[in-house]
Amino acid sequence: MVIKRTTGGPGPYRQHEVLHEPADLAAWADRSRLTPVPALEISAGEVRDARRLRDALFRVVLTHARGEPHPPGDIKAINEAAARLALEPAITPTGNLSGTHLVATVAQDAVKLLTGPFAHRIRTYAAEDCHLVYVDTSRPGRRRWCSMEHCGNRHKVSALCARSSVEG
């Protein structure tokens, strides 16, 4: 499971921001695997809430992967968001569902991840230039790359080139 940085984020990731308006958050929800998402009524304030939660989650997951203390303000923000009513799977959704429900669903999933059986397998990638965080679900728990197609392949190619230049 890869925790993808697909929407921007804090600090240097701000330049990649894609959550600007309610339609952007609705489109992200449609692409997510959270639950079948019905039409959501999303406000500009809920987009700001989603960005704040995303940034808090990134900082907490990153410190968790590094074995560092979690930022208390971020933990508070995640817990407050998780305490709200989340989206529930339903054949026919009832009631008005909002961006607040979506944010709560993401926060609750994050709490389950950070406190669940794979919490010790939250990691950062071994590549210096890859800033993704992932959950290592491999059987031995030794995964180091986002995928062999990207970081793993680049590492293998550079190692091969280094060996070739020493041998050649």
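The values are calculated or read from the model by the stated rules, or taken from the named source; none is laboratory data. Predicted model, so just to flag it, every value in this text is computed and none were measured. All Cβ positions, glycine included, derive from the backbone under ideal geometry; neighbour counts span all protein chains shown.
Considered as a group, the residues in region 32-49 that are among the small types (Gly, Ala, Ser) and part of a loop (DSSP other than H, G, I, E, B) include one that is modelled with the lowest pLDDT, and that residue is Ala39. For residues that are surrounded by fewer than 19 Cβ atoms within 10 Å (Cβ to Cβ) and within 18 Å of the chain's Cα centre (by Cα), tally how many sit in region 38-54. The total comes to 2. In region 109-125, the residue that is farthest from Glu88 (Cα to Cα) out of those that are in contact with a Lys or Arg (Cβ under 9 Å, 6 or more places away or on another chain) and among the charged types (D, E, K, R) is Arg123. Within region 140-153, residues that are at pLDDT below 70 have Cβ atoms under 7 Å from residues that are exposed (fewer than 13 other Cβ atoms within 10 Å of the Cβ) in these pairs: Cys146/Val2, counting only partners at least 6 apart in sequence or on another chain. For region 89-111, a residue qualifies if it is closer than 26 Å to Thr137 by Cα and either surrounded by 12 or more Cβ atoms within 10 Å (Cβ to Cβ) or among the acidic types (Asp, Glu) (or both), and the qualifying residues are Leu102, Val103, Ala104, Thr105, Val106, Ala107, Gln108, Asp109, Ala110, Val111. Of all the listed residues (Ala82, Ala26, Ala65), the sole one being touching a helix residue (DSSP H, G or I) at 6+ places or on another chain (Cβ under 6 Å) and either more than 30 Å from Arg144 (Cα to Cα) or modelled with pLDDT of 90 or more (or both) is Ala82.
Can you say whether His64 is surrounded by 13 or more Cβ atoms within 10 Å (Cβ to Cβ) and outside any helix (DSSP H, G or I), as far as the supplied structure shows? When the stated conditions are applied, His64 does not pass them.
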